[in-house]
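Visitor: Dumping the structure here so I can ask a few things about it.
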Amino acid sequence: MEHLWPISILAGGIVLFILFLTIRKPKEVIEDQNALNKARNAMDDDEIALEEYSNRELSPLEVGTRYERYIGHLYEIKGYKVNYHGATNALEDLGRDLIVKKGKDVLIVQTKCWARKKHIHEKHIFQLYGSMVHFSRTSETKGLESKAVIYTSYARYSGRAIEIAQDLGVELKTEKLDNSYPKVKCKISAKEEKTYHLPFDPGYDELSVDLSKGEFFAHSVLEAFDKGHRRPEKKDSAA
């Protein structure tokens, strides 16, 4: 029976080694778990901040910016490339809230989230049309078909404004602000890094969403997180 002892010891050692491997977590696994926990904590904080942002009372300027973003979002989900010119240039936007491109078409869009009692008059049509003509003549991109489009939420167009718009080919649209629209921009970098960006982040309006790359708008931070998107590093927040 003595010859069986070495075998028993060897078998016992193998069992202990297997248990050791099962119980022990490699350093990389621990680090990945810590990173995931950190990302989840950030997600929870961001979800609360987004909800507060979406529901708080806005100043007239903030209402205007949100309306610009909403209209831009409507174009982006249709495959247009949107430059949020008004939000990124403030008082120097030359009356161009959005510059929207697709193929050879470019739309110079002005948005007015005005009260129902207000009217959009012919002067507003002339201003937008003039801005569109100036863009056409000074843009570095040649061969584009430019068109002026104006959006309002509740305000009405005066009869004279409608007449002038028809004469100049300016498109008049009415679109109410839907505050429940998805505000989280989910981006994918050239290095395949998946990040999400919130409407109060620096550089948010410099980002466009390209559906053809798998990018999308999310209603919540949790939705973005579940699809593999994480908070970007602060230095890359506007990338």
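Visitor: Under 15 Å from the Cβ of ASP178, count the other residues' Cβ atoms, weight Lys and Arg +1, Asp and Glu -1, and hand me the total.
Guide: +2
Visitor: A further question on this structure: Counting only Cα, what are the radius of gyration and maximum Cα-Cα distance Dmax of segment 158-237, in Å?
Guide: Final numbers for Rg and Dmax: 18.0, 53 Å.
Visitor: Here is a follow-up. Antiparallel as a % of all DSSP beta bridges within segment 60-174, to the nearest 5?
Guide: 35 percent
Visitor: Moving on. Quick one: grab the alpha carbon gyration tensor of segment 60-174, order the square roots of its eigenvalues as a ≥ b ≥ c, and give me rounded if a/c is under 1.5, else prolate or oblate depending on whether a/b is larger than b/c.
Guide: Taking the square roots of the gyration eigenvalues as a ≥ b ≥ c, segment 60-174 is oblate.
Visitor: While we're on this one: Grab the beta carbon distance between LYS191 and GLU163, set R0 = 41 Å, and tell me the FRET efficiency rounded to 0.05.
Guide: 0.15
Visitor: Per-residue counts of other Cβ atoms within 10 Å, averaged by peptide: what ranking do you get for 106-117, 188-199, highest first?
Guide: 106-117, 188-199
Visitor: Quick one: of LYS78/LYS183; LYS104/LYS176; LYS81/LYS187; LYS81/LYS176, which pairs are farther than 25 Å apart, Cα to Cα?
Guide: LYS104/LYS176
Quick note: the coordinates plus some simple rules give every number you see, no bench work behind them. Since the model is a prediction, treat every value here as computed from it, not as a measurement. Heads up, the Cβs are rebuilt from the backbone with ideal geometry, glycines too, and the neighbour counts pull from every protein chain shown.
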